[in-house]
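Visitor: Shown below is the structure under consideration.
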Amino acid sequence: MKVTAQLTDESILKELGGRLAGARLARNLTQAALADQAGVSKRTVERLESGAVATHLSVFLRVCRVLGLLEGFDSLIPQPAVSPMAQLEQAGRKRQRATGKKKAAATPKKWTWGESP
C-alpha cells in the first residue's frame, strides 16, 4: 500500500509496522534479536510492527538504524533548496527564524474637525 495523506494515522502506522517486520525478516532477525541490538524491549518491537501504538520517535530511529533503513529518511524530508538570490541576501548566514505572514495594514479613517478621537 502506498502511504498517502488520505490514509488514517492507524493505517499508516500498520503499514509502517508491516514494512519494518518485512525488513527484519529479510535480514533474518528475530524480534528478540532486533530488540537487543536496538536497545529496546521485545514488546516495543512487537508494538512497532503491529502498528498498535505510536512509540517515541527515538525508538523508531533505533530500530531503523539496526535494520539499515536510516538512509531512506533523507528522501522523507529533503533539505530545503535555497535559491542563489536568497544565498546572496543572507551573505553566508544561516536562516534562524521564519518571518511569518505580515498582517495587512488597516487604512486609517480620515479624521476631520469636530470628531472626537
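The values are calculated or read from the model by the stated rules, or taken from the named source; none is laboratory data. The shown structure was predicted, so the numbers you read here are calculated from the model rather than taken from an experiment. For neighbour counting, all protein chains shown are included, and Cβ atoms are generated from backbone atoms with ideal geometry for every residue, glycine included.
Visitor: Pick from the stretch 27-51 the residues that are touching a helix residue (DSSP H, G or I) at 6+ places or on another chain (Cβ under 8 Å) and of a type in the set (A, V, I, L, M): which of them is nearest to residue 7 (Cα to Cα)?
Guide: 48
Visitor: Touching a residue at least 40 places away in the same chain (Cβ under 8 Å) and exposed (fewer than 14 other Cβ atoms within 10 Å of the Cβ), is that true of residue 27?
Guide: Here the answer is yes, as residue 27 does meet what is asked.
Visitor: Quick one: in the stretch 40-97, which of the residues that are of a type in the set (Gly, Ala, Ser) and closer than 26 Å to residue 8 by Cβ is modelled with the highest pLDDT? Don't jump to the end; show me each part of the working.
Guide: Here is the first cut: in the stretch 40-97, the residues of a type in the set (Gly, Ala, Ser) are 41, 50-52, 54, 58, 68, 72, 75, 81, 83, 86, 91-92.
From what's left, closer than 26 Å to residue 8 by Cβ: 50-52, 54, 58, 72, 75.
Details: 50: 87, 51: 81, 52: 77, 54: 61, 58: 70, 72: 78, 75: 75.
Among those that are of a type in the set (Gly, Ala, Ser) and closer than 26 Å to residue 8 by Cβ, it is 50.
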